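The values are calculated or read from the model by the stated rules, or taken from the named source; none is laboratory data. The model shown is predicted, which means the values in this text are computed figures rather than measured ones. A quick note on method: Cβ atoms are made from the backbone with ideal geometry, for glycine too, and the neighbour counts reach across all protein chains shown.
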Amino acid sequence: MPGISKAFSPILDRIRPGLLLAAFLLVLPALVACGDDDSGDGGTLTVFAAASLTSSFNELGEAFEDANEGVTVEFNFAGSQALATQLAEGASADVFASANLTQMGRVVEADLVDGEPVIFAQNRLAILVPAGNPANVQSILDLGDPDLKLVLAAEDVPVGRYAREVLAIAEQSAEFQNRNPEFTDFNVVSNETNVLQVVTRVRLGEADAGIVYETDVTPDVVGEVTLIPIPPEFNVIADYPIAALSDGDTDLALSFIEFVRSSEGRQILADWGFLPVEPE
Amino acid sequence: MIDQPSPATGADSGRGYPSGGWRRLQRPGALLWASTIVLLGFILVPLLAIFLRGFEDGQLVRPLGDPVVQEALTLSLITTAVSLVVSVLFGTPTAYLLARHRFRGRSVILTLIDLPMVLPPAVAGIALLIAFGRRGVLGPTLSDLFGIELPFTMAAVVMAQTFVAMPLYVRSARAGFETIDDEHLQIAATMGLSRFTIFRVITLPLTLPALLSGAVLTWARALGEFGATIMFAGNFIGRTQTMPLAIYQSLEGGDLSTAIALSGILIVVSFTVLVIFQVLTRSASSMVR
């Protein structure tokens with residue numbers, strides 16, 4: 001046994017647990033600190049936005065960064081119900097843009113919103129089918145076919161709720177009942193947790209049809225899917241509220257919301273197929 | 001070296017005795033206990049939190065009557081049972097082949113069978129979808145020849161679970177088969193016993209603990225399967241929404257109490273199975289001795 005280790009081992013033996021504990025305590029704050037880095041001089045704006053806003057808000061974010069030197073915009077896109085839960089469970093963000101009033105309402109009820117939410121855009125629903133339209137869907141009346149694999153978003157996802165409203169309206173109509181005399185229920189094969197997943201199921205051809213927003217045929221999926229409009233008598237309007245969050249950077253949040261509602265912001269939203277709502 | 005005994009041991013332990021160092025080594029040091037306590041706390045605190053929150057306002061009990069919970073529990077029990085049966089049926093002969101025979105390409109097969117174990121479940125999900133999906137590599141053939149469409153079915157859930165969980169069983173079974181002494185088998189063979197009799201009378205009893213522990217690990221892994229399932233089988237109550245998927249969807253939708261109830265059930269079920277498993281392996285190994 002080497003002499004040095006012999007001489008030191010009793011001391012080392014004694015202090016080793018302490019050393020280890022000290023090392024652990026030193027590392028722990030470093031790990032925790034990893035979470036909050038504040039980059040950019042103008043600050044970072046964190047926006048929680050509905051999955052259906054992904055493309056339009058990415059462009060809005062870039063335009064906002066261009067207009068505000070040093071500001072960085074970070075997005076968290078997911079189903080509005082997931083975002084509302086994250087916020088209620090303590091996630092920190094500056095802005096929340098929801099695809100319906102229900103999920104915004106949960107955040108308002110949790111007392112996390114600064115001021116009042118405003119509706120900044122509207123959307124309509126549409127049927128999405130894979131390229132080639134294997135099930136030959138021509139209109140919403142064809143969705144009653146018991147062999148047609150229909151994919152929706154789950155009921156607590158805004159687009160899932162809107163889709164069920166649309167299907168309920170359709171089901172009541174005389175045209176639908178004439179077309180599907182034996183109808184019992186829609187053949188829903190999966191309930192996805194946000195609208196982009198519905199698009200993916202259709203895009204991969206796993207579903208014969210899905211119900212999504214009119215804005216969901218982005219350049220990414222053009223050619224792989226076809227949008228079939230739902231006529232106004234069956235359609236519903238999706239309202240998108242936006243709000244600044246009380247524990248965030250309220251000034252920056254309000255200026256982002258103002259930008260979204262500005263003519264430039266409304267133009268970007270319109271380019272992506274939304275119906276922008278003019279501020280009163 | 002023994003002049004300064006560590007604080008964990010008594011002041012005169014080992015002093016002057018040649019066997020003192022050994023005796024001291026036989027007692028656990030403070031570091032061992034400290035690490036164990038930290039680890040235990042890390043595991044227990046979150047698990048207990050589920051029950052604390054759950055019992056706070058009866059959240060744990062109320063959703064038990066919820067059809068979502070019942071459907072998910074039933075579906076999970078059925079699919080994991082089938083996955084386990086499939087894993088054992090195909091895994092046992094494979095493990096035996098790999099343990100008892102040497103042939104070219106064996107190590108390649110070993111690695112390939114272990115692969116799903118280290119693969120992220122999301123990759124497994126995409127792989128299954130690309131292979132067996134409607135527009136996948138094999139999907140159209142399956143559909144044309146047999147009229148089978150796998151995605152969004154209970155079969156897809158079983159496939160996802162088996163894909164990620166089976167390697168655990170094969171691994172454990174193989175390790176068990178490797179420990180069997182050639183002599184036992186030689187004697188049995190000279191007695192003129194058939195392959196299956198030898199397996200049933202000698203191999204199986206000797207390797208039962210290994211097979212059981214492999215089965216339990218596989219079942220637990222299948223029960224927890226999430227990523228591959230949601231990607232390949234989708235999410236539909238009563239058909240493909242297993243417990244983990246139901247937890248995910250209820251948490252996302254803000255239905256914390258259902259998520260907590262489902263988690264509580266899974267913890268209790270898993271714990272019970274582990275206890276049964278330990279009792280079983282203990283009696284199995286005492287049988288062997």
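Taken together, the criteria exclude B:F163 from residues that are under 21 Å from B:R239 (Cα atoms) and either among the β-branched types (V, I, T) or within 14 Å of chain A (Cβ to nearest Cβ) (or both).
Counting the residues of the range B:188-208 that are over 27 Å from B:R282 (Cα atoms) and either in a helix (DSSP H, G or I) or within 29 Å of the chain's Cα centre (by Cα) (or both) gives 3.
Of the helices (runs of 4 or more DSSP H) contained entirely in the range A:179-280, those carrying at least 2 residues that are under 30 Å from B:T242 (Cα atoms) and within 14 Å of chain B (Cβ to nearest Cβ) fall at A:195-203.
Restricting the range B:220-235 to residues that are crowded, with 21+ Cβ neighbours inside 10 Å and within 13 Å of another protein chain (Cβ to nearest Cβ), the residue that is farthest from B:M159 (Cα to Cα) is B:N235. May I ask you to verify whether B:R200 is among the basic types (K, R) and more than 30 Å from B:I130 (Cα to Cα)? Taking the combined requirement at face value, the residue satisfies it. Hey, among the residues in the range A:136-178 that are within 21 Å of A:A238 (Cβ to Cβ), small (G, A, S) and part of a helix (DSSP H, G or I), which one's farthest from the other protein chains (Cβ to nearest Cβ)? Only one residue fits best here, namely A:A170. May I ask you to say which residue of A:L227, A:L269, A:L252 is closer than 26 Å to A:D66 by Cβ and modelled with pLDDT under 95? Going through A:L227, A:L269, A:L252 in turn, just one is closer than 26 Å to A:D66 by Cβ and modelled with pLDDT under 95: A:L252.
Restricting B:L32, B:L73 to those that are assigned to a helix (DSSP H, G or I), without any contact (Cβ under 8 Å) to a residue 60 or more places away in the chain and either within 14 Å of chain A (Cβ to nearest Cβ) or more than 19 Å from B:F163 (Cα to Cα) (or both) reduces the list to B:L32. Against the condition surrounded by fewer than 16 Cβ atoms within 10 Å (Cβ to Cβ), closer than 23 Å to B:L204 by Cβ and either touching a Lys or Arg at 6+ places or on another chain (Cβ under 6 Å) or of a type in the set (G, A, S) (or both), how does B:A81 come out, does it pass? When the stated conditions are applied, B:A81 passes them. Looking across A:D145, A:D185, one residue alone is touching a residue at least 12 places away in the same chain (Cβ under 8 Å) and either closer than 26 Å to A:V221 by Cα or charged (D, E, K, R) (or both). It is A:D145.
In the condition set (1) in contact with a Gly (Cβ under 6 Å, 6 or more places away or on another chain); (2) not in a helix (DSSP H, G or I), B:F236 is compliant with all but (1). When A:V222 is tested against (1) without any contact (Cβ under 8 Å) to a residue 60 or more places away in the chain; (2) under 23 Å from A:E175 (Cβ atoms); (3) among the hydrophobic types (A, V, I, L, M, F, W, C), just one condition goes unmet, and that condition is (2).
Tell me whether the range B:250-262 contains one or more residues that are more than 13 Å from every other protein chain (Cβ to nearest Cβ) and touching a residue at least 40 places away in the same chain (Cβ under 8 Å).
Yes, some residue in the range B:250-262 is more than 13 Å from every other protein chain (Cβ to nearest Cβ) and touching a residue at least 40 places away in the same chain (Cβ under 8 Å).
Right, B:A155: within 14 Å of chain A (Cβ to nearest Cβ) and in a helix (DSSP H, G or I) or not? Yes. Among the residues of the range B:35-70, the ones that are more than 14 Å from every other protein chain (Cβ to nearest Cβ), among the aliphatic types (A, V, I, L, M), in a helix (DSSP H, G or I) and in contact (Cβ under 8 Å) with a residue 40 or more places away in the chain come to 4 in all. If you filter the range A:166-201 down to residues that are among the charged types (D, E, K, R) and surrounded by 14 or more Cβ atoms within 10 Å (Cβ to Cβ), you find that the one that is nearest to B:S250 (Cα to Cα) is A:E192. Within the range B:217-236, can one find any residue that is in contact with a strand residue (DSSP E or B) (Cβ under 9 Å, 6 or more places away or on another chain), small (G, A, S) and more than 18 Å from B:Q70 (Cβ to Cβ)? Yes, the conditions are met somewhere in the range B:217-236. Candidates A:V151, A:V157: the one that is under 17 Å from the mean Cα position of the chain (by Cα), within 29 Å of B:L251 (Cα to Cα) and crowded, with 23+ Cβ neighbours inside 10 Å is A:V157. All conditions in (1) under 24 Å from A:L269 (Cβ atoms); (2) crowded, with 24+ Cβ neighbours inside 10 Å hold for A:P117, with the sole exception of (2). Within the range A:92-114, no residue satisfies the criterion of being surrounded by 19 or more Cβ atoms within 10 Å (Cβ to Cβ), assigned to a helix (DSSP H, G or I) and of a type in the set (S, T, Y).
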